[in-house]
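So the structure is just underneath, and the comments pick up after that.
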Amino acid sequence: MSADPGLAELLADRTRTVLLTQAATATEARLISERIAASGGAGRPPVSLGAPGDPPPAALLDGALLDQALLDQADDLRLVPVRVAWLPAEHDGGRAARLNDMLPGHDPYHPGERQQQRILARQPGRAAVLVGEPATVGSLRQQWAQATGGEDPAGFAGYVARRATLALDRAEYRLRGPRYKTPSLVKEEILSSRRFRDGLRALGPGSSESALAEADKMLDELAAGWSRRLIDVMPTIGRLIFQRGFDPQIDYDESQVERLRAAMERHPGILLWSHRSNLDSMVLTAAVHEKGLPPAHLFAGINMSFGPMGPLLRRAGVIFIRRSTGDDPLYKYVLKEYIGYVLEKRFNLSWSIEGTRSRTGKMLPPRLGLLSYAADAYLQGRVDDIALLPVSITFDQLHEISEYADYARGGQKKPEGFGWLYGFIKAQGARHYGKIYVRFGEPVLLSMFLGSPGGPVADDPAARRLALSKTAFEVAWRINQGMPVTATALVTTVLLAMQGAALTFGQIRLGLGDGLDYLESRGVPLTASARALTAADPVRATLDALVAGGLVSCTADGREPVWLIGPEHQLAATFYRNSLIHFLLDTALCELAVLRAKEAAADPAAAGPAGADPAGADPVGEFWAEIARLRDLLKFDFYFQERDEHRRQVQAEMDRHDPRWEERLRAGPAEADALLASMRPLVSHVLVRPFVEAYRIVADVLADDGTLTDKDEVIRRALGLGRQYVAQRRLRSSEAVSALLFQTAFQLVSNRGLIGGGGEDLAARQAFLDELRNLLRRLDRIEDLVIRRYIRDVVQTRPAQ
């Protein structure tokens, strides 16, 4: 049941056709009767299924509604579903509910009896009688047996009623448009499914009836219902919130929107997005609605379902899931089947691939839990393919960065509730935060990495997990590559590079010039505000906005104004800097590798790791060895392509700086020095140093105590030691003293086998600490080059304004 054929044609064979009608009011029943009469009538009276969503009549197919003579030959009997759809009044060329339609008795999609009569008197075109595609009793009985097992004959009536409702739903979203394409009767369809019940029995010992009852409750908790009013109104509410602080027009790339639309027409899609702010879901919902794209179920943590917000957001397509499911196999099974059902019926899903907000500004490692359930649906052949749709959401500025900085210093996350929600909405109106940018990356099909359903990946858990990890990595990589660099990110990067030293306007422009030249040579996506930084006025406007936000300080009572990011704001400012860090990471690694190669040429015995052959040291070989070491050191904080591909990227990066770079490295230390001095911009001291310093603090803590293995205790001690080092100025900036960076540092030391307890670990821990200290010394040398370039070598006259 899916098309909308002409009713007159369907009623041509009156004795073999029965109409199944859904009517909530007498007015709807009259409209349907008039349509039937206008179409030539029917040989048999219609069978009423009641109002949409009502349980089916018990006597639907038992002879009370159809005579027994027909039941004996019922397989050829054709059933045709019919109901009335109501359209909202037209406003500004469109038909959609508005905020005042949320008042009781004002639902334009489900008007009451009196409202229906007023509509017919004034705007009769707002009522449409829908006809779903017919189906024979025999075909429905066969589908019912396949789907449910056919064990309960009494369940056939319910199945027929559900098929009629779903057929009419499909006819209705074709009438209204793709943004109203939403599933219905999800819980009922899942619970009646034979595959679902078989899976429950396979979970293990216990009563299948009690498991089914518990699954019923879980589906009540999970299942999102869709209100057409909320499909229209929630984007408006979201806009009212984020427009308090941002430009009302979201910035898109229209070609990407059309590519996304085409992908969603071919396959069910999963919107996987970067998560920087609690505004993200509001922005994405508004973007999808504004562009007329099909809606997507949005996954959110159960912590966001507080007060009446939970029921309201469920009616807007939000699926609330528990934060921890590892100890509840039944819940995991129900969640997996729920996801599989939605995808099987070709509806869309949406969640943050990182699983939580990134409080550092850079992408977090992708979470595989929900994605693995989607992969199950594909590998089981429930869907021909699934399009994973990368989405980046970028903001010029965010008020939340101060919260993130507090969290990084060891603060606690505030629980969600109405007080939190009020404060969050109020903060949006505190000042103007700039623009919001939404970019849609090239879709990734699951089949690209998982192969075909039933293939080798399906039966090999290790191969499946590896393929899924590569899939998630590819999506995250495309999100990163599509994320545009903002003016805020560029200016804060230049100021952070000075580690608290103030810069004049001319020095800032010099740093921005180098950065823009490099990014444009790489074809990195830039916002219009970032491209405008080649002129003086946009630079001043960006600095003024950062000063207004309290992130940047300006001292203007001297010979000329100077700007800086003070120690108390450096940690917050790194959020913006980290949003572009992935574009500059390879050149940062190249700087350090060139310096290591120079050391190899100058002193082969001191360059390589312990046990290396000094006579065999080759500067170019040492360059690549250092790239490998840095890649291994930073693997928990950054995305790296596979080794061969990454090597090609590094080769291209060095060729961009100088095609003769290998020859110059082999020419001796002086030429290597000259090569490093010519590389623009120099960025490793500002991009890599914070992470290395954070690792160094954790290594320092571990080197003091060979028995220390508890993660929370290591982070607590690292925070204390880091504050001490900041007070003693043993760190370049305060941004390395971050609980968030210490968490990945702990992953790193665990991966290197330094968390095992026992005094024998002290030597390995000390060796790791020494390795990090040596790396920091090389970062010092690069920083000295930058200071000479942007401060000492700038002509000491007032720069042109």
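The values are calculated or read from the model by the stated rules, or taken from the named source; none is laboratory data. As the structure is a prediction and not an experimental result, all values here were calculated from the model. Methodologically, a virtual Cβ is constructed for each residue, glycine included, from the backbone with ideal geometry; neighbour enumeration extends over all protein chains shown. The protein model used for the area step is the full one, side chains on, heavy atoms only, and it has no ligands, DNA or RNA in it. Shrake-Rupley method; radii C 1.70, N 1.55, O 1.52, S 1.80 Å.
To keep it simple, each residue is scored yes or no on (1) at pLDDT below 90; (2) over 20 Å from the mean Cα position of the chain (by Cα); (3) under 26 Å from TYR109 (Cα atoms); (4) among the acidic types (Asp, Glu).
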residue	(1), (2), (3), (4)
SER192	yes, yes, no, no
LEU200	yes, yes, no, no
GLY204	yes, yes, no, no
SER207	yes, yes, no, no
SER210	yes, yes, no, no
ASP220	yes, yes, yes, yes
GLY225	yes, yes, yes, no
ARG259	no, no, no, no
ILE270	no, no, no, no
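Every residue, every condition in (1) more than 16 Å from ARG522 (Cβ to Cβ); (2) without any contact (Cβ under 8 Å) to a residue 60 or more places away in the chain; (3) crowded, with 21+ Cβ neighbours inside 10 Å, yes or no:
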residue: GLN641; (1), (2), (3): no, no, no
residue: HIS657; (1), (2), (3): no, no, no
residue: VAL683; (1), (2), (3): no, no, yes
residue: ILE697; (1), (2), (3): yes, yes, yes
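Within the stretch 126-137, identify whether any single residue is more than 20 Å from LEU49 (Cβ to Cβ) and at pLDDT 90 or above, and answer yes or no. Walk me through how you get there before you give the answer.
Keep residues of the stretch 126-137 that are more than 20 Å from LEU49 (Cβ to Cβ), which gives 126.
Subset that is at pLDDT 90 or above: 126.
The answer is yes; a qualifying residue exists.
Which one is farthest from LEU240 (Cα to Cα), of the residues in the stretch 420-442 that are open to solvent by 30 Å² or more (accessible area, probe 1.4 Å) and in a loop (DSSP other than H, G, I, E, B)?
GLU442
Taking the residues in the stretch 279-322 that are part of a loop (DSSP other than H, G, I, E, B), more than 19 Å from ARG228 (Cβ to Cβ) and open to solvent by less than 30 Å² (accessible area, probe 1.4 Å) as candidates, determine which candidate is modelled with the lowest pLDDT. Reasoning before the result, please.
So in the stretch 279-322, the residues part of a loop (DSSP other than H, G, I, E, B) come out as 279, 291-295, 305-308, 315, 317, 322.
Add one more test, that the residue is more than 19 Å from ARG228 (Cβ to Cβ), and what stays is 279, 305-308, 322.
The next check asks that each one be open to solvent by less than 30 Å² (accessible area, probe 1.4 Å); those that pass are 279, 306.
Numbers: LEU279: 92, PHE306: 77.
So, considering only residues that are part of a loop (DSSP other than H, G, I, E, B), more than 19 Å from ARG228 (Cβ to Cβ) and open to solvent by less than 30 Å² (accessible area, probe 1.4 Å), the one modelled with the lowest pLDDT is PHE306.
Got at least one residue in the stretch 79-87 being in contact with a His (Cβ under 9 Å, 6 or more places away or on another chain), touching a residue at least 40 places away in the same chain (Cβ under 8 Å) and not in a helix (DSSP H, G or I)?
From the stretch 79-87, those in contact with a His (Cβ under 9 Å, 6 or more places away or on another chain) are 86; that's our starting set.
Still in the running and touching a residue at least 40 places away in the same chain (Cβ under 8 Å): 86.
Imposing the further condition that a residue be not in a helix (DSSP H, G or I) reduces the set to 86.
Yes, the stretch 79-87 contains a residue that is in contact with a His (Cβ under 9 Å, 6 or more places away or on another chain), touching a residue at least 40 places away in the same chain (Cβ under 8 Å) and not in a helix (DSSP H, G or I).
How about the stretch 345-374: which of its residues are in contact (Cβ under 8 Å) with a residue 60 or more places away in the chain, surrounded by fewer than 21 Cβ atoms within 10 Å (Cβ to Cβ) and over 25 Å from TYR404 (Cβ atoms)?
Answer for the stretch 345-374, where residues must be in contact (Cβ under 8 Å) with a residue 60 or more places away in the chain, surrounded by fewer than 21 Cβ atoms within 10 Å (Cβ to Cβ) and over 25 Å from TYR404 (Cβ atoms): LYS345, ARG346, PHE347, SER372.
From GLU693, GLU713, which residue is more than 22 Å from SER521 (Cα to Cα), touching a residue at least 60 places away in the same chain (Cβ under 8 Å) and under 33 Å from the mean Cα position of the chain (by Cα)?
Numbers: GLU713 fails: touching a residue at least 60 places away in the same chain (Cβ under 8 Å).
The unique qualifying residue is GLU693.
Quick check on ASP586: is it open to solvent by less than 40 Å² (accessible area, probe 1.4 Å), assigned to a helix (DSSP H, G or I), at negative phi and out of contact with any Leu (no Cβ under 9 Å at 6 or more places or on another chain)? I'd like the intermediate steps shown before the answer.
On the way: open to solvent by less than 40 Å² (accessible area, probe 1.4 Å): yes; assigned to a helix (DSSP H, G or I): yes; at negative phi: yes; out of contact with any Leu (no Cβ under 9 Å at 6 or more places or on another chain): yes.
Answer is yes for this residue.
Hey, which of the helices (runs of 4 or more DSSP H) in the stretch 462-547, taking only ones fully inside, have at least 3 residues that are among the aliphatic types (A, V, I, L, M) and at negative phi?
Values: elements: 487-496, 505-522, 528-531.
By residue number, 487-496, 505-522.
What pairs come up if the first residue lies in the stretch 741-756 and is open to solvent by 60 Å² or more (accessible area, probe 1.4 Å), the second is not in a helix (DSSP H, G or I), and their beta carbons are under 7 Å apart, counting only those six or more places apart or on different chains?
Pairs found: GLN747/PHE636.
Go through (1) open to solvent by 30 Å² or more (accessible area, probe 1.4 Å); (2) at pLDDT below 75; (3) among the aliphatic types (A, V, I, L, M); (4) not in a loop (DSSP other than H, G, I, E, B) for LEU61 and report which single condition fails.
(4)
Against the condition out of contact with any Asp or Glu (no Cβ under 7 Å at 6 or more places or on another chain) and of a type in the set (Val, Ile, Thr), how does VAL137 come out, does it pass?
On the way: out of contact with any Asp or Glu (no Cβ under 7 Å at 6 or more places or on another chain): no; of a type in the set (Val, Ile, Thr): yes.
In short, no.
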